[in-house]
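The values are calculated or read from the model by the stated rules, or taken from the named source; none is laboratory data. Since the model is a prediction, treat every value here as computed from it, not as a measurement. All Cβ positions, glycine included, derive from the backbone under ideal geometry; neighbour counts span all protein chains shown. To get the accessible areas, we keep the full protein, side chains included, count just its heavy atoms, and leave off ligands, DNA and RNA. Shrake-Rupley method; radii C 1.70, N 1.55, O 1.52, S 1.80 Å.
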Amino acid sequence: MEQANPLRPDGESKGGVLAHLERLENQMSRSRKQSEEPQSVQAQERVLGTKIQKLRHLRDDLKAAVRHRRGSVKACIANVEPNQIVEVNEQEALEEKLENVKAVLQAYHFTGLSGKLTSRGVCVCINTAFEGNLLDSYFVDLVIQKPLRIHHHSVPVFIPLEEIAAKYLQTNIQHFLFSLCEYLNAYSGRKYQADRLQSDFAALLTGPLQRNPLCNLLSFTYKLDPGGQSFPFCARLLYKDLTATLPTDVTVTCQGGEALSSSWEEQRASHETLFCTKPLHQVFASFARREKLDMSLVS
């Protein structure tokens, strides 16, 4: 029996046909994929474009919500009472002022300024002094609220307390207290000098000491030799600066001065200089020492 011929009439083997068919199928698959790739890219672009549009719409919605929120906040602020808007800030400011007052009182306790807290705020005590001598004390009861105000005080009426308060109390309470201390200490110092003149050197005065309540205008007549025949001096001291303890204007004249010699004129001028540069009682203390010296030389 003859063996079957594996060759077909066209000369191709059966295995070669199958391989050729497989190659054709692969080519068709590649062609199909290549033709599908542009379509896939286009589909992805469409999907991404849709997402971008959605995100843009979301962004616009968020912007609109922010604008609406801002408008609502502005409208709420416009409808709120001003006192309600600043209520917290005012409370914080008042607490800060109270703390500042406490700090000032603690820092300057040894300079004559002290105080204690009250239910309304703080009561400040000002202790005056001159040349190391403790003098009068005054108090100012402050109410710590908006605006700050003075509830009660013992400051003399001729001290410009209202003027000082109007200038400093609402803006700088430390400056207010220091300025008030200056006025009170200067007044106490001037009063102390006048009191010392009357009490310690009355023998040198030939008449009463005249002074106003503020003790910023003094006038008196005095003689350096009470038992002698010399002309008395008339002095007028004016303290224009109410925070000073030395006079700004001094006038010394001599009664019967038209007949005075040049030595008396020099003495009168020297007295004016002394009154301008030294406390009143110190000047008269030097007069008294000079008188004692002259008396010892005569004896």
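Report yes if some residue within segment 203-212 is open to solvent by 20 Å² or more (accessible area, probe 1.4 Å), of a type in the set (Val, Ile, Thr) and outside any loop (DSSP other than H, G, I, E, B); otherwise report no. No, segment 203-212 contains no residue that is open to solvent by 20 Å² or more (accessible area, probe 1.4 Å), of a type in the set (Val, Ile, Thr) and outside any loop (DSSP other than H, G, I, E, B). Evaluate the following for Ser199: is it among the small types (Gly, Ala, Ser), closer than 29 Å to Lys278 by Cα, assigned to a helix (DSSP H, G or I) and open to solvent by 20 Å² or more (accessible area, probe 1.4 Å)? Yes.
Restricted to segment 213-255, and to residues there that are in a loop (DSSP other than H, G, I, E, B) and in contact with a Gly (Cβ under 7 Å, 6 or more places away or on another chain), the residue that is nearest to Leu274 (Cα to Cα) is Thr245. The single condition among (1) touching a Phe, Trp or Tyr at 6+ places or on another chain (Cβ under 7 Å); (2) farther than 21 Å from Gln255 by Cα; (3) open to solvent by 30 Å² or more (accessible area, probe 1.4 Å) that His152 does not meet is (1).
Pull up segment 176-196, narrow it to residues that are farther than 17 Å from Phe275 by Cα and in contact with a strand residue (DSSP E or B) (Cβ under 7 Å, 6 or more places away or on another chain), then point me to the one that is most open to solvent (accessible area, probe 1.4 Å). Residue satisfying both the conditions and the ranking: Asn185. Taken over segment 115-152, residues that are among the β-branched types (Val, Ile, Thr) and part of a loop (DSSP other than H, G, I, E, B) amount to 2.
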